[in-house]
Every structure is written in C-alpha cells, then in structure tokens.
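Novice: Below you'll find the structure I mean.
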Amino acid sequence: MPEPVLLNTTTRRQTLKTVCRSATAAGLLGFAGWLAVKNKAAADAPVWQIDPNKCIGCGQCAYRCVSNVSAVKAFHNFKMCGYCDLCTGFFEPQPLARNTGAENQLCPVGAIARRDVENPYFEYIIDENLCVGCGKCVDGCFSLGNGSLFLQIHQQLCKHCNQCAIALYCPAKAIVQIPAKQSYLFKEA
Ligand code: SF4
Ligand code: SF4
Ligand code: SF4
C-alpha cells in the first residue's frame, strides 16, 4: 500500500497563508464594490435645496423647519456683490449711522459681519452659527438690485426629511429636490 503524501508543516502554513490572503483580497474587493455602490446611491439620493432664483425671502424658512434652529442659512455670492457701503441687506432702512452699531443692523441676531475692504468698499460675511434663516438680509439685498445674498438649506444641518416641512408652506414653491452630488444650488448673476 503506497504511503500517503503528507505536506510538511512549512508547506501547509504557506498554503494556509495563500488561502487567507486570497480570501482577504476577495473580501476587500467585495467591500470596495459594495462601498462604490453605496457611495453612488448616496450621490444620487435626492436632497432638499432652495432654488435661490425662485425664493422671495418670505421668512417661513426660519420657523417651518423641523430643526430647533432652521437648517436654512443665508449665503453670499461675493462674485455678485457690489461691496456697497450702504448695503440694504445689512442696514436697517434709513440707519442712524453707517457703522456696525446693533441699532443700525437689519439682521435680528447680528449674524452678518461688515468688514472694510478698501475705501469705499465693504464685504458682508454670514456667521452660519448665528443665522436663523429669517431671510431679512436676502429681502433687503434684493430690494437694492442684484440680490447677492440668498438662502440655502445647509446640507450638514438638514435632517433630510422625506417631506421638507418648509416646502409644504413655501409660497414661491422654491424648495426642490436634486441629487446630492449636484448641491448646492447657487445664486447666479
Ligand atoms: S438677516 Fe436672517 S437670514 Fe440674514 S443673516 Fe441674519 S438671521 Fe440669517
Ligand atoms: S428637510 Fe427637514 S431639516 Fe431639512 S430644511 Fe426641510 S424641514 Fe428642515
Ligand atoms: S419659504 Fe420659500 S420663499 Fe419663503 S424664504 Fe423659504 S424658500 Fe424662500
């Protein structure tokens, strides 16, 4: 009767290592494939966005959002901005003075910083941590002309509700769904 061919210990270990490596590689490839599919699905998933060209800054965004503090924030397109000294998005109508005194500011929570750029130009920067999405600055900026300030749903703050509570009340039907990979909708000149 012929003797069985036995693998020596070293050969068996090498075989086992090779099998393990192949299994790991196959597993990683499978995981990478799964991740790619998942990432594509996430990129294609719809997210809520405000069409800034339709929004009329009615103020509903500040209190219709299901979040304690609205996920809607003011954004600024600096390419459009005129860097006005008398910014109607920053100042109350007929301000007492053109300075950063709280009594002169339109924003109810002081979320807009006015900074001197070069006489007579100023830039206006939104602090999204303070902004409550009331749209007063948007409305004010729009009243002067180009409307470089606009409202948008901040994707990292949005709870991505199946039905956006603001969209139900938006009088301008300005809240739309677009693929996540496409956000944000920006205000253009
Ligand atoms: S006026 Fe309203 S929308 Fe504009 S920055 Fe202040 S809180 Fe935000
Ligand atoms: S989807 Fe929900 S969390 Fe996001 S803006 Fe609308 S109501 Fe707010
Ligand atoms: S509810 Fe609609 S129109 Fe009113 S501020 Fe929000 S997006 Fe603009």
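Novice: All other residues with a Cβ under 14 Å from the Cβ of Asp85 taken together, and with Lys, Arg as +1 and Asp, Glu as -1, what is their net charge?
Specialist: So the environment of Asp85 carries a net charge of 0.
Novice: Going by amide H atoms built from the backbone, whose H comes under 5 Å of the H on Val72, apart from near neighbours?
Specialist: Counting only residues 5 or more places away or on other chains, the set is His154.
Novice: Taking the mean number of other Cβ atoms within 10 Å as a proxy for protection, how do you rank 109-122, 59-72, 127-140, 86-99 from highest to lowest?
Specialist: Final packing ranking: 127-140, 59-72, 86-99, 109-122.
Novice: Taking amide H positions as placed in the peptide plane 1.01 Å from N, state which residues far from Met80 in sequence (5 or more) or on other chains have amide H under 5 Å from it.
Specialist: For Met80, no residues qualify.
Novice: Over 5 Å intervals from 0, what percent of Cα-Cα pairs in segment 31-189 sits in each interval?
Specialist: Binned Cα distances yield the sequence 2, 9, 18, 20, 18, 12, 9, 6, 3, 2, 1, 0, 0.
Novice: Turning to a different aspect of this structure: Segment 38-98 to segment 135-189: how many Å between their Cα centroids?
Specialist: If we compute the Cα centre of each part, the gap is 6 Å.
Novice: Report the local net charge at Val72: Lys and Arg +1, Asp and Glu -1, summed over other residues whose C-beta lies under 11 Å from its C-beta.
Specialist: Its environment carries a net charge of +1.
Novice: Below 14 angstrom from the Cβ of Asn146, what's the summed charge of the other residues (Lys, Arg +1; Asp, Glu -1)?
Specialist: So the surrounding residues net to 0.
Novice: Next question. Label points 7 Å out from Cα along the Cβ direction at Asn119 and Gln156: separation in nm?
Specialist: The answer from the label model is 3.9 nm.
Novice: Can you give the FRET efficiency to the nearest 0.05 for Glu188 and Ala36, using r as the Cβ-Cβ distance and R₀ = 30 Å?
Specialist: Plugging the Cβ-Cβ distance into 1/(1 + (r/R0)^6) gives 0.40.
Novice: Take Leu106, Leu168 and order them by how many other Cβ atoms sit within 10 Å, fewest up front.
Specialist: Starting with the residue having the fewest Cβ neighbours, the order is Leu168, Leu106.
Novice: Checking the table Lys136/Lys181; Lys79/Lys159; Lys40/Lys173; Lys73/Lys159 against a 20 Å threshold on Cα-Cα, which pairs fail?
Specialist: Check vs 20 Å cut-off fails for Lys136/Lys181; Lys79/Lys159; Lys40/Lys173.
We did not get these values from a lab; they are worked out from the coordinates using the rules stated. On a predicted model such as this, the values are computed, not experimentally measured, just so you know. Note that each Cβ is placed from the backbone with ideal geometry, even for glycine, and that neighbours are counted across all protein chains shown.
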